[in-house]
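Please treat every number below as a calculation from the coordinates, not as lab data. None of the values given here were measured: they were computed from a predicted structure. Please note: Cβ atoms are built from the backbone with ideal geometry, for glycine as well, and neighbour counts cover all protein chains shown.
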Amino acid sequence: MIHGLGASEGIAIGKAFVLPNWEWELPDNKIGVGDLALEFERLYEGVKRSKSEIHRMKTEMDEAVGPEESGIFEAHLAILDDPVFMNEIKGIIQRQYKAAEVAVKEAIDHFVTMFDLLDDEYMKERALDIKDVGNRLLKHLLGAPEIMLPTDTQPFILVVRELTPSQLIHLKPDVVLGIVTMVGSPSSHSAIMARAFGIPLVMGVENKLQEPIETGDLLIVDGGAGLLHVKPSADTVLRYSEMRKRQLETRERLQQLAQVPSVTPDGETLVLAANISSVKELDAALSNGAQGVGLFRTEFLYMDRNRFPTEEEQYEVYRTAAEKLQGKPLIIRTLDIGGDKHLDYYEMPEEENPFLGFRAIRFSLSRTDLFKVQLRAILRASAHGNVQIMYPLIASVDEVREANAVLAEAMKELAAEGVPFRSDVPAGVMIEVPAAVAISELLAGEVSFFSIGTNDLVQFTLAVDRMNEQISHLYEPFHPAVLRMLRTVVEAANRHGVQVNVCGELAGDVRAMPIWLGLGIHELSLSAQSILPVKETMLRTYAQESRMLMDEIFRLRTAKEIRERLEKFHAESALAKGNVRP
Ligand code: PEP
Ligand code: MG
């Protein structure tokens with residue numbers, strides 16, 4: 001049994017599929033004159049294979065989402081037919097006696113550098129296309145195996161060194177039973193997405209494996225406990241099968257609560273909304289009784305393609321979400337790119353500390369052209385439902401004012417064009433930087449609502465990188481410093497009559513319920529999977545008792561003491577309700 005980091009609850013039992021690491025190794029020796037013909041032949045064969053692969057992907061994409069999205073493949077095919085690109089490669093082989101793969105790599109670098117130097121978005125996009133096609137061609141020239149997830153086999157457990165959010169977005173939850181990663185941390189966005197999809201995930205097992213896992217090995221992933229079993233005994237499989245059965249039964253039981261109002265036994269309400277990254281997730285959230293969307297992470301809409309989404313594309317998505325919600329609130333967070341979320345088609349600067357770097361509102365305010373496209377799309381969607389706007393990573397009043405100025409420009413443009421939108425659309429901010437907490441009093445005068453992002457707030461308050469598994473034990477949401485941050489925000493908001501929501505992952509931790517009730521949080525926004533367990537806890541937690549408990553909690557000095565006290569309170573309320581046998 002291997003102890004990793006439990007990152008997404010649930011039990012998966014199945015065969016491993018190990019995704020190989022992908023690194024190019026190019027030959028550095030020159031070819032002989034007699035090999036020229038052979039190198040050309042290899043090049044043509046590589047081009048042929050790349051084209052047929054692109055054709056296949058295009059057909060799949062056409063069937064899945066329609067021809068509008070698959071236009072990119074046409075562009076890739078055109079590059080492989082482009083005489084300028086191909087002559088560059090052939091010239092390098094012929095004049096410099098280099099192997100085909102080396103020539104392809106040098107040609108890619110040449111064009112990418114050339115296009116990148118131009119101050120033209122269109123050409124920069126072409127550079128990315130060349131990189132993409134070039135890499136495909138390289139893959140075929142190097143004869144490397146296709147990195148494709150099996151689709152024709154039984155569902156499997158994916159074993160991968162590291163998982164990026166953009167890889168995860170392409171996984172089909174129905175074939176991926178569970179995931180094991182060698183490195184990574186439960187507060188990364190990949191982990192958040194795995195939770196949203198309900199895929200059990202254990203991370204950070206790299207140094208704990210006695211021998212590498214191989215494709216076909218039987219695995220058990222226990223995402224709640226953070227355990228991994230490689231080639232388990234029949235007894236262990238039986239034990240976990242039973243545990244999984246019980247988990248499914250619990251899920252069914254909780255489902256009965258979906259439409260029960262979210263009110264404490266002493267009559268106080270706490271709105272339970274959903275965090276989503278795509279409209280796809282909205283159905284699951286609504287069937288679990290979500291009372292709205294408290295956080296729509298729009299960056300995945302940008303990551304799931306090979307260019308920036310147009311205003312029209314974004315509008316369609318936001319409008320669909322607003323309509324599905326039928327008047328329930330939809331808080332759309334503007335692009336929070338950077339940190340661990342990257343766009344394949346946009347070169348971000350290399351950064352020493354990406355989470356403290358060029359990301360979120362900082363990116364939007366430096367690219368007001370792109371920001372305005374998004375705001376226009378959100379504003380247009382506001383005509384179709386209860387849409388609200390939220391700015392991420394706010395650290396100053398200036399940023400709010402600058403963002404609101406772009407919003408005002410977008411409104412002015414739409415009004416001049418006669419396009420309908422809600423001119424009083426509420427705009428709020430994420431509170432996820434300690435500076436925002438410290439000035440919450442000042443921010444409250446500028447915004448319609450606060451939403452506390454505990455994921456980043458914990459990392460910045462405690463100076464603990466949320467991606468670094470080596471220090472993940474220090475990533476402690478129940479740290480007294482974090483609780484004091486929460487209290488400061490709520491008190492400032494109350495003085496100004498500003499609503500406070502919580503949308504970080506801590507909202508989904510059932511032990512935290514008395515914190516929300518005790519402080520007087522208005523809304524929790526959670527992953528769809530967490531809504532019902534949190535509601536079950538709320539239905540038995542008295543707000544009055546929670547307030548008293550918080551007085552006690554604020555006197556405790558360590559996270560451990562706080563956690564233990566909350567766990568005791570949780571267990572007692574469960575016992576009192578009769579949900580748990582002693
Ligand atoms: C947060 O930081 O708590 C949050 C909700 O935003 P994200 O996890 O997307 O950074
Ligand atoms: Mg955040």
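Summary of values
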item: Antiparallel DSSP beta bridges within the chain, percent to nearest 5; result: 30 percent
item: Principal-axis tilt of helix 528-538 within the chain, Cα atoms, nearest 10 degrees; result: 10 degrees
item: Global geometry of segment 208-255, whether rounded, prolate or oblate, following the gyration tensor of its Cα atoms and the 1.5 cut on a/c; result: prolate
item: Rounded if a/c under 1.5, otherwise prolate or oblate - segment 484-582, Cα gyration tensor axes; result: oblate
item: Percentage relative contact order, the chain, counting C-alpha pairs under 8 Å, at least six apart; result: 14 percent
item: Helical contribution to [θ] at 222 nm, DSSP H n ≥ 4, -39,500 (n - 2.57), averaged over the chain, rounded to 500; result: -15500 deg cm²/dmol
item: Given charges at beta-carbon only (K, R positive; D, E negative), |dipole| of segment 156-252 in Debye; result: 220 debye
item: Extended-chain gain in nm, criterion 0.36 nm per residue less alpha-carbon gap, L365 and A463; result: 32.8 nm
item: Environment charge of E281, counting only residues whose C-beta is closer than 12 Å and scoring Lys/Arg +1, Asp/Glu -1; result: +3
item: Positive minus negative residues near E399 (Lys, Arg vs Asp, Glu; Cβ under 12 Å); result: -1
item: Segment E242-D28, extension gain: residue separation times 0.36 nm, minus the distance between their alpha carbons; result: 71.5 nm
item: Count of Lys pairs (Cα-Cα under 23 Å; at least 8 positions apart or interchain) in segment 259-553; result: 8
item: Reach of K98 by Cα under 12 Å, taken over aspartates and glutamates that are not fewer than 8 positions away in the same chain; result: D28, D35, E39, E106
item: Partner aspartates and glutamates for K51 [C-alpha distance under 15 Å; skip if fewer than 8 residues away on the same chain]; result: E60, E74, D81, D82, D129, D132, E146
item: When each of K208/K568; K58/K172; K245/K577 is checked by Cα-Cα distance, pairs over 27 Å; result: K208/K568
item: Distance between modelled label sites at L77 and R95, nm, 7 Å Cα→Cβ extension; result: 3.2 nm
item: 20 Å reach of a label modelled at T250, 7 Å along Cα-to-Cβ, counting backbone N of segment 534-555; result: 534-541
item: Full-extension gain in nm, R563 to N135, via 0.36 nm per residue minus C-alpha separation; result: 149.2 nm
item: Two-site label geometry, D109 and K231: point separation in nm, points 7 Å out along Cα→Cβ; result: 4.3 nm
item: Net charge dipole size for the chain [Lys, Arg +1 and Asp, Glu -1 on Cβ; Debye, nearest 20]; result: 1780 debye
item: Tensor-based shape of segment 156-252 (alpha-carbon gyration tensor, a/c under 1.5 rounded, otherwise prolate or oblate); result: oblate
item: Peptides ranked, highest mean first, by Cβ atoms within 10 Å: ranges 383-391, 191-199; result: 191-199, 383-391
item: For V433, distant residues with modelled amide H under 5 Å away; result: none
item: Computed label-point distance, nm, for sites D174 and E352 using a 7 Å Cα→Cβ extension; result: 4.9 nm
